[in-house]
């Protein structure tokens, strides 16, 4: 059985850790409020842009455009959005699992664009090729950051260096629900029309020509999806960290209560032993 000194030392250590987890929870809560507002503001535009582009492509039918068909390369670029810090429960590991456990992907065919150091470190340990890592974006993501990344990927796609582009991020549903999501950005996939949707579709006319119009629309579409994913990922990260720190604080409280009970038992046992020894000594002298 541990001595009273050991129990007291361990209790003090856990109390110190509990103070840290409480502080981290408060910080994450404040950050979450701001990040959630940003995510909610961008989500409407994020989904509207996706629905608009897919609706356009459904109406025009088959269009011969490079952004609508896979490139010659077998390489797949994957934008992996994680955090720069840990202590966020399964937030980072769930995104890594989307990549490492994908049934149809081969490691050698993937080119990773890591936004967040945790994703880069984990995938590098698994042997994936990290083309680029930019952890600074996750500290304060902006639309300009998404635009720069989109332009770089579109350039590689146009040159035939990559054949497909994917986005792996954590969708923010609410404070306690965060969904790891894998989305295909290019080539743009048009969702099949539902059988019950018999609404007549208006003829889609382009001015200028459809190829030029798509050259303008799809880069903005891709930038919007990346930016929306960044906003939702930041909100999800802070929500996950807040939950993790809340659970850690509760666990620390339980451990402290358990150690307090053990300390009291050890103290009671020590007092009982001292009294026994005193009584025994008194009887021996008598």
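Let's test the formula: R0 of 41 Å, r as the Cβ-Cβ distance of residue 276 and residue 125. What FRET efficiency results, to the nearest 0.05?
Efficiency for this residue pair is about 0.10.
Express in nm, to one decimal, how much length is gained between residue 45 and residue 102 on full extension, taking 0.36 nm for each residue of separation and deducting their alpha carbon distance.
So the extension gain works out to 17.6 nm.
Just check region 113-167 against the gyration tensor rule for me: Cα atoms, a ≥ b ≥ c as the square roots of the eigenvalues, rounded for a/c under 1.5, and otherwise prolate or oblate depending on whether a/b exceeds b/c.
Oblate shape, in that a/c is at least 1.5 and b/c is the bigger or equal ratio.
What is the distance, in nm, between label points placed 7 Å from the Cα along the Cα-to-Cβ direction at residue 12 and at residue 211?
Rounded to a tenth, the inter-label distance reads 7.7 nm.
Using a Förster distance of 45 angstrom, determine the FRET efficiency expected from the C-beta separation of residue 30 and residue 72, and round it to 0.05.
The pair residue 30/residue 72 has a calculated efficiency of 0.40.
Would you kindly state how much longer the chain becomes between residue 255 and residue 177 on full extension, computed as 0.36 nm times their sequence separation minus their alpha carbon distance, in nm to one decimal?
Taking 0.36 nm per residue and subtracting the Cα distance, the gain is 25.4 nm.
Could you rank the peptides 87-97, 212-222 by their average count of other C-beta atoms within 10 Å per residue, with the highest value first?
Ranked from most to least packed, the peptides come out as 87-97, 212-222.
Residues of region 245-275 with amide nitrogen under 15 Å from the 7 Å Cα-to-Cβ point of residue 285?
Of the residues in region 245-275, 275 have backbone N under 15 Å from the label point off residue 285.
Return the whole-Å distance between the Cα centroid of region 146-160 and the Cα centroid of region 1-36.
44
Obtain the nm distance between the two label points defined at residue 267 and residue 109 by a simple spin-label model: each point lies 7 Å from its Cα along the Cα-to-C-beta direction.
For the pair residue 267/residue 109, the computed spacing is 6.6 nm.
What nm distance separates the two modelled labels at residue 38 and residue 22, each placed 7 Å from Cα along Cα→Cβ?
2.9
Apply the a/c threshold of 1.5 to the C-alpha gyration tensor of region 6-132 and tell me whether it is rounded, prolate or oblate.
Oblate shape, in that a/c is at least 1.5 and b/c is the bigger or equal ratio.
Classify region 63-180: rounded, prolate or oblate, from the alpha-carbon gyration tensor (a ≥ b ≥ c, eigenvalue square roots; a/c under 1.5 rounded; otherwise prolate if a/b is larger than b/c)?
Prolate.
Among 111, 80, 234, which one shows the biggest mean-square fluctuation in a GNM of the chain, springs joining Cα atoms closer than 10 Å?
Among 111, 80, 234, the largest GNM mean-square fluctuation belongs to 111.
Expressed in nm², what is the orientationally averaged projection area of the convex hull enclosing the Cα positions of region 15-79?
Over all viewing directions, region 15-79 projects a mean Cα-hull area of 8.0 nm².
Based on Cα coordinates alone, diagonalise the gyration tensor for the chain, multiply each eigenvalue by 5, take square roots, and list the semi-axes in whole Å, largest first.
Square roots of five times the eigenvalues give 58, 19, 15 Å.
Expressed as an acute angle from 0 to 90° and rounded to the nearest 10, what is the orientation of the C-alpha long axis of helix 210-285 relative to the principal long axis of the chain?
Taking the Cα atoms of the chain, the angle to 210-285 is about 10 degrees.
How far, in degrees from 0 to 90, does helix 4-60 lean away from the longest principal axis of the Cα atoms of the chain, to the nearest 10?
Here the helix axis deviates by roughly 10 degrees.
So for each of 178-189, 46-57 I average, over its residues, the number of other beta carbons within 10 Å; can you give me the resulting order with the highest mean first?
Top to bottom by mean Cβ count within 10 Å: 178-189, 46-57.
Quick note: the coordinates plus some simple rules give every number you see, no bench work behind them. Computed from a predicted model, the values in this text were never measured in an experiment. Using ideal geometry, Cβ is built from the backbone for each residue, glycine included, and neighbour counts are taken over all protein chains shown.
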